[in-house]
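Visitor: The structure follows.
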Amino acid sequence: MAYEIERKFLVESDEWKAMAISRRRLRDGLVARFGSGKVRVRLDEDRGLLTVKGPRTGLRRAEYEYEIPAAEAEEMLGTICDGPIVEKTRFRVPHAGLIWEVDVHEGILAGLVLAEVEFDHESQEIALPDWTGREVTGDPAYRKAALVKRAAAGTPAPSY
């Protein structure tokens, strides 16, 4: 079974920018929800992806990702996605032997900057970069669906 094991943090400063080694523009849309899982379509620059994510157990979550034609991903974003499209620029930032992904949101979530890091196993130790803030891994207020729902309703998001 394929899994992702990750932790997510608020970003408190721009210090990470000097260390970024790449950037990509991403657009995500929700295709479907099931229980505490979801199906998402993503346009990653010129690459389309369809991702199925299962419920989270601790830091672990089942994740299956399939490449699809970029044109089909674009069509899905414009026709079948439920709710607003999430737009962001993702930066890859190395720190202490791991690659952190810093997402700078635009559009409906403009102003939100989150960093996430993936692990090989749940007990893996990490050194937090100085630019990270509060951990929001298990905070339901920082799940994408909750953030988008609040933004669409014009309700302020939790301090970001």
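The values are calculated or read from the model by the stated rules, or taken from the named source; none is laboratory data. Computed from a prediction, not measured in an experiment: that's the story for all the values here. No Cβ is skipped: glycine too gets one built from the backbone with ideal geometry, and neighbour counts run over all protein chains shown.
Visitor: Which one of these does Ala151 not meet: (1) under 15 Å from the mean Cα position of the chain (by Cα); (2) surrounded by 13 or more Cβ atoms within 10 Å (Cβ to Cβ); (3) small (Gly, Ala, Ser)?
Guide: Failing condition for Ala151: (1).
Visitor: Which of the residues belonging to region 81-96 are part of a loop (DSSP other than H, G, I, E, B) and closer than 10 Å to Gly29 by Cβ?
Guide: Cys81, Asp82, Gly83, Pro84, Ile85
Visitor: Now for a different question. If I filter region 8-27 down to residues being of a type in the set (Lys, Arg) and in contact with a strand residue (DSSP E or B) (Cβ under 6 Å, 6 or more places away or on another chain), which single residue comes out as nearest to Val117 (Cα to Cα)?
Guide: Lys8
Visitor: Right, next: Given region 1-45, what strands (runs of 3 or more DSSP E) lie entirely inside it while holding 2 or more residues that are under 28 Å from Asp130 (Cα atoms), of a type in the set (A, V, I, L, M) and in contact (Cβ under 8 Å) with a residue 60 or more places away in the chain?
Guide: It comes to 3-11.
Visitor: Just for region 71-92: of the residues that are β-branched (Val, Ile, Thr) and in contact with a His (Cβ under 9 Å, 6 or more places away or on another chain), which one is modelled with the highest pLDDT?
Guide: By that ranking, first place goes to Thr89.
Visitor: Taking the options Ser36, Ser123, name whichever one is at pLDDT below 95 and more than 27 Å from Ala152 (Cβ to Cβ).
Guide: The conditions single out Ser123.
Visitor: In the set Arg42, Arg90, Arg134, which member is within 17 Å of the chain's Cα centre (by Cα), over 20 Å from Ser13 (Cβ atoms) and of a type in the set (Lys, Arg)?
Guide: It is Arg42.
Visitor: Moving to a separate point now. Which condition from (1) surrounded by fewer than 18 Cβ atoms within 10 Å (Cβ to Cβ); (2) under 14 Å from Arg143 (Cα atoms); (3) in contact (Cβ under 8 Å) with a residue 24 or more places away in the chain; (4) not polar (S, T, N, Q) is the one that Ala96 breaks?
Guide: Only one criterion is unmet by Ala96, namely (2).
Visitor: Residues of region 67-93 being farther than 25 Å from Lys149 by Cα and of a type in the set (Lys, Arg), which ones?
Guide: The answer is Arg92, and nothing else.
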